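Here the structure comes first, spelled out in structure tokens, and everything after it is commentary.
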There are 2 protein chains.
Amino acid sequence: MDTTQDQALGLRLRDALDGRWHDIKAQSRRELAEAELLTDPLMDSATARATVLEQMKVLVDTGTPAMGFAVDHGGSGDVGASVTAFEMLAYADLSLMVKAGVQWGLFGGAIENLGTERHHRAYIKRLIDLDLLGCFAMTETGHGSNVQELETTATYDPDTQEFVLHTPTASARKDYIGGAGQHATVAAVFAQLVTAGETHGVHCFVVPIRDDEGADLPGVTTSDCGAKAGLAGVDNGRLVFDRVRVPRDNLLNRYADVDEDGTYRSSIENANRRFFTMLGTLIRGRVSVGGAGGAAARVGLSIAVRYALQRRQFGAPGSDEEVLLMDYLLHQRRLLPLVARSYALQLAQNELVGAMHDVQSADEVDELAQRELEGRAAGLKAANTWHATRAIQEAREACGGAGYLAENRLVLLKADTDVFTTFEGDNHVLTQLVAKELLTAYADEVRGLDPLGMVRFATRTIADVVVERTAAQSLIQRLVDASPLGDDADLLSRGTQLSLFEDREKHLLETVARRLQRARKDGADAFAIFNAAQDHVVAVGTAHVDRVVLEAFVAGIDATADPEAKALLGKVCDLYALSVLEADRAWFIEHKRLTVSRAKEIPSLVNQLCRELRPHALTLVEGLGVPESMLGAAMLHDA
Amino acid sequence: MDTTQDQALGLRLRDALDGRWHDIKAQSRRELAEAELLTDPLMDSATARATVLEQMKVLVDTGTPAMGFAVDHGGSGDVGASVTAFEMLAYADLSLMVKAGVQWGLFGGAIENLGTERHHRAYIKRLIDLDLLGCFAMTETGHGSNVQELETTATYDPDTQEFVLHTPTASARKDYIGGAGQHATVAAVFAQLVTAGETHGVHCFVVPIRDDEGADLPGVTTSDCGAKAGLAGVDNGRLVFDRVRVPRDNLLNRYADVDEDGTYRSSIENANRRFFTMLGTLIRGRVSVGGAGGAAARVGLSIAVRYALQRRQFGAPGSDEEVLLMDYLLHQRRLLPLVARSYALQLAQNELVGAMHDVQSADEVDELAQRELEGRAAGLKAANTWHATRAIQEAREACGGAGYLAENRLVLLKADTDVFTTFEGDNHVLTQLVAKELLTAYADEVRGLDPLGMVRFATRTIADVVVERTAAQSLIQRLVDASPLGDDADLLSRGTQLSLFEDREKHLLETVARRLQRARKDGADAFAIFNAAQDHVVAVGTAHVDRVVLEAFVAGIDATADPEAKALLGKVCDLYALSVLEADRAWFIEHKRLTVSRAKEIPSLVNQLCRELRPHALTLVEGLGVPESMLGAAMLHDA
């Protein structure tokens, strides 16, 4: 196949990966390339911050920031398009992606989803247009993953009809807050609402923090988090409140309000449920960070594969030329399974964005769909961001000394995305959350990240364990039915792969449920029970995400009309599935899902797939959809 | 156990890890702490470079740079002490470690080991005292791992009795050269020696590159590599030579010389053997980079474990306080196996430094010992630097948002050490080199990194495969003999662990030898044969290093007199061994080394060891030997 044909097929793969919001992706590729948003890695932090702020103004003109807000509030009302456009920013500049995400996704999202008409009227249009710069002050020095235990207080004073925001301890300081370091003039502050001597849990308040000249307002002390690994263009900072007063109206009161006299009212009686309902509306942040992680991984892998297609080292006998890196089996093994995983995760992300769009655009709230969505967003955020960390690291190493230079971008990608595994919930905590939701069948009593609920409410009996499919349900059922597991299972059959993934999840879930129930009956303490099973719980979460991702891949292939693209995607899907099986094949043997001889074939099959995909390496990279002009790696032009 | 007792036991563990050059380590801890060498992460590159150069002058006064050079040449002649002191610099500042390594280890080492009396007299004293700043110009844009194919030429001109250094192509440009960016005035340049129309392979030449004012000398063009991921204090640069003339005397002529009339002479007739003999004398660089990687991993893990002993998140029922991160099984599983691996690698590094010292200080060259040493240095360099990448990454993630701030040092450690997997030979290439040396029984014909030699000279028959022990030989033999493998093998028996590690290496080696031989007989092309087996070859190298490291751990425990320290080290060794077995347990099942039921126990045993070591977490970190005052992580003082 010559290069032109490679590229043509690559574009058809790209179409398959672009999915429902393909027009937004196409528009972003055009606009981002024109805007030349790649920042200079040598910029000092002050210049980088100023530059990113300028770039945000360019984004306003593209109209994408408005997409995340309802038409009634001054937006253009297309959630899916909005999240897709943010994901694409990762191709250009991750500081810009994060800063835009803070302004329009987190801060804007809090106003949009937790506020009511008076807040929408006062803030949405201004924040879309950057006339109002905000920040999202949730995390504190002492509490990140455990948001329910935030210490900042907002105490209602009926005499003045104000809330008094206060930082009672050193660990209650708001920390790592994007925008708080320099640019934000207002903060969406999460604090324990106290009225009439009673605490009602975490609520969100609009709190002005700086005047127009950038000076701290009375009672507010801002400071800068200083240098970070990356994201030099984001002004992360800290906020300390010393009895700062805001009007009663500044409570974002969609789910709860305080009357003039201090009476607390909420449409959701259960405090726990109320808290997680509020938090659930903010799901967009988690979806966006996962999407951006996936996009950054695609950039990194595109650079490394293209480099491996031009770089030669060591001779082959009978040839004057040295061997291309991409022709070494080891190099194929290092990069191609990661490329396959990028395909898989992009298709799963597309499904997720679609599901979120539908749930959030529906006239009525479907509570179960919302819960399922939250679990999936948590799991895919962890999968995408861990993949980014791993893939970009491997890409750096695969490019040797050249990979270490800033001019080749990989180390900047790594430094910028490294915190994504922490952002919007630590990945280990999120993976456990996924498992807990499955284990407790979305029981209202145990929402959130508290590990103990898992033990107390692991009420599923074995008969309850049903694996819910998230994509292409009837097709997948047919494939699974046609490929029963057994000694002669064909590992390259899609049905076998689906069965193995599904069976592992089901078994892990059943056994951990049984284990927790059994231990609970013995009367041991809940924390010890949970803790002894923690690795098992994490395995459930991981197996679930692996299965959801494989199902999305199967659905994505099914939706592809072009036969050549479809065939190639099938092979990429094989590589994804077999790489997952290879890494965990001890489990499949130990639990008699695979015979020893069948399991032993897996590494050879992975080698075989790498060899078969090698001639398509450039096509696969074209398919990842990062325009060559946006890779920003000097070494790719030196060849 | 109270904190004082923890610390006392920690110090006894530290003694066990400090090994033969414990006095140098103690001295370094004192001196480095006094000198306050931790650089400010906010420094710009120009300031960082100047600062590191100033810090080097402080090092001169400590006397450690002189240790790497013979007394006759103006040094103090203690190779082991010299390498140990460099390793310790990683506790302070990695830019300093690298820049010092370039000046005294690489540049100085080339003069010392490849030069003769006239070079020693002219340069050694001056370079020790920093009156002469040099660089080590080996790597080119086109060739890093494959040094034999460097393109720079040094053509002898008998008319003027000069060598003419020249960069014939763009890919022949010297690249990534530490010191070439700004400070070095002279370079040790590796180039193809050409005389009388014949090329004699790569040799090393002393080439002045800058005048006293820092301007490029005629014919030399230096340039700067620009920003990197880290190592801001190191001035990496590029060198291009346009027919630069140096006197004939500037050839470092210990192993080969050119007469006035252009006649080439060498004491080593075989060109390949000559090249690798020269390269072999430069082993110190590889040993030092591995050592520094190990040290950086210890710093990272010390920070993360100490943080996990102060940071709490999520509540335990019946307690007002949240749970310490270190009390979560998952957190133990993330950090403690890495801590155990740091212990293992430090003991292996100590053995390596000792062996190098003995080989290099011996009156006669023991060729086999030298070859064995080179293989071990390559393998441990890869193991130590990959461990650094992995451990520091995990440490960063385990510290959440705080871990992402420069003030907590982890991201700087990560950025600085990231290139160590590339420095001094790409880790994947080095791991294959280890395997090739074993496979070819150190055959002279196939030295070096050329993958094809492996196929051509894999002459060992199965009967030849003997696993050579590198430490505590008779003790290990006794332990292995006492623990035959079988269905009732006790995985916590040291003999069983040693047998499993040894057996895996032997089996992998035998089978890959058979595979390569068989394929060769079929008459297929050598590259295809090698390439199809590349993952198998890498597995041999990895299994060998795992075994060498375990044996060093066993020897290290044996050498520890204190019974309490010895017992604790034993448990740490169990965790190291079982973590390795856990990751590769599919292999042990598939090759009938472990029954399925035995293999299935391994994850539970790892959990059990983590639980048992949890109360000793602080002790273990004290034992890693990084003084708390040198950790440089702001968050550890906030508690």
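The values are calculated or read from the model by the stated rules, or taken from the named source; none is laboratory data. Just so it is clear, the model here is predicted, and its values are computed rather than measured. Virtual Cβ from ideal backbone geometry, glycine too; neighbours counted across all protein chains shown.
Just one of B:R334, B:R341 is in a helix (DSSP H, G or I), facing chain A (nearest Cβ under 10 Å) and buried (at least 19 other Cβ atoms within 10 Å of the Cβ); which is it?
It is B:R334.
This table checks each residue for (1) at pLDDT below 95; (2) facing chain A (nearest Cβ under 9 Å); (3) buried (at least 22 other Cβ atoms within 10 Å of the Cβ); (4) under 17 Å from A:L405 (Cβ atoms).
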| residue | (1), (2), (3), (4) |
| --- | --- |
| B:T155 | no, no, no, no |
| B:D159 | no, no, no, no |
| B:L165 | no, no, yes, no |
| B:R173 | no, no, no, yes |
| B:I177 | no, no, yes, yes |
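Is there a residue in region A:551-560 that is more than 12 Å from chain B (Cβ to nearest Cβ), part of a helix (DSSP H, G or I), more than 26 Å from A:A377 (Cα to Cα) and of a type in the set (D, E)?
So far as region A:551-560 goes, no, none of its residues is more than 12 Å from chain B (Cβ to nearest Cβ), part of a helix (DSSP H, G or I), more than 26 Å from A:A377 (Cα to Cα) and of a type in the set (D, E).
For B:D61, which of the numbered conditions (1) within 22 Å of B:G291 (Cβ to Cβ); (2) assigned to a helix (DSSP H, G or I); (3) at pLDDT below 95 fails to hold?
(1)
Inspect all residues belonging to region B:520-540 and state whether any of them is touching a Leu at 6+ places or on another chain (Cβ under 7 Å), within 14 Å of chain A (Cβ to nearest Cβ) and not in a helix (DSSP H, G or I).
Checked against the condition, which is being touching a Leu at 6+ places or on another chain (Cβ under 7 Å), within 14 Å of chain A (Cβ to nearest Cβ) and not in a helix (DSSP H, G or I), region B:520-540 yields at least one hit.
Any idea how many residues of region A:292-309 are of a type outside the set (D, E, K, R) and more than 14 Å from every other protein chain (Cβ to nearest Cβ)?
Of the residues in region A:292-309, 11 are of a type outside the set (D, E, K, R) and more than 14 Å from every other protein chain (Cβ to nearest Cβ).
In region B:615-639, what residues are surrounded by fewer than 17 Cβ atoms within 10 Å (Cβ to Cβ), touching a residue at least 12 places away in the same chain (Cβ under 8 Å) and within 30 Å of A:A528 (Cα to Cα)?
Of everything in region B:615-639, those that are surrounded by fewer than 17 Cβ atoms within 10 Å (Cβ to Cβ), touching a residue at least 12 places away in the same chain (Cβ under 8 Å) and within 30 Å of A:A528 (Cα to Cα) turn out to be B:P615, B:A639.
Which of the residues belonging to region A:310-331 are at the interface with another protein chain (Cβ under 7 Å from one of its Cβ atoms) and under 36 Å from the mean Cα position of the chain (by Cα)?
Residues satisfying the conditions are A:Y328, A:L329, A:L330.
Please specify each residue of region B:500-510 satisfying the condition of being within 24 Å of B:R598 (Cα to Cα) and either away from every other protein chain (no Cβ under 14 Å) or not hydrophobic (A, V, I, L, M, F, W, C) (or both).
Result: B:L500, B:F501, B:E502, B:D503, B:R504, B:E505, B:K506, B:H507.
So the check is Cβ under 6 Å with 6+ separation or different chains; which pairs have a first residue in region A:582-600 that's more than 8 Å from every other protein chain (Cβ to nearest Cβ) and a second one that's among the aromatic types (F, W, Y)?
Listed pairs, sorted by first residue: A:L594/A:F588.
All but one of (1) under 30 Å from B:L324 (Cα atoms); (2) without any contact (Cβ under 8 Å) to a residue 12 or more places away in the chain; (3) small (G, A, S) hold for A:A137, so report the exception by its number.
All conditions are met except number (2).
I'd like to know if region B:356-368 contains one or more residues that are within 30 Å of B:E394 (Cα to Cα) and away from every other protein chain (no Cβ under 14 Å).
No, that holds for no residue.
How many residues, within region A:1-59, are polar (S, T, N, Q) and either surrounded by fewer than 15 Cβ atoms within 10 Å (Cβ to Cβ) or more than 22 Å from A:G181 (Cα to Cα) (or both)?
Number satisfying all stated conditions: 7.
Considering region A:388-398 alone, what residues qualify as being more than 8 Å from chain B (Cβ to nearest Cβ) and buried (at least 24 other Cβ atoms within 10 Å of the Cβ)?
Across region A:388-398, the qualifying residues are A:A388, A:A391, A:I392, A:A395, A:A398.
Give just the number: which of (1) modelled with pLDDT of 90 or more; (2) surrounded by fewer than 21 Cβ atoms within 10 Å (Cβ to Cβ); (3) not in a loop (DSSP other than H, G, I, E, B) does B:L492 not satisfy?
Unmet condition: (3).
Would you pick out the residues in region B:225-257 that are without any contact (Cβ under 8 Å) to a residue 60 or more places away in the chain and farther than 30 Å from B:E54 by Cβ?
B:D257 - this is the single residue of region B:225-257 that is without any contact (Cβ under 8 Å) to a residue 60 or more places away in the chain and farther than 30 Å from B:E54 by Cβ.
Tally time: how many residues in region B:114-140 are polar (S, T, N, Q) and either over 22 Å from the mean Cα position of the chain (by Cα) or surrounded by fewer than 20 Cβ atoms within 10 Å (Cβ to Cβ) (or both)?
1
Could you check region A:401-413 and list, in sequence order, the residues that are in contact with a Gly (Cβ under 8 Å, 6 or more places away or on another chain), crowded, with 24+ Cβ neighbours inside 10 Å and facing another protein chain (nearest Cβ under 7 Å)?
Within region A:401-413, A:L405, A:V411 meet the criteria.
Residue-wise test of (1) more than 23 Å from A:G134 (Cβ to Cβ); (2) in contact (Cβ under 8 Å) with a residue 60 or more places away in the chain; (3) hydroxyl-bearing (S, T, Y).
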| site | (1), (2), (3) |
| --- | --- |
| A:I24 | yes, yes, no |
| A:S45 | no, yes, yes |
| A:T64 | no, no, yes |
| A:M88 | no, yes, no |
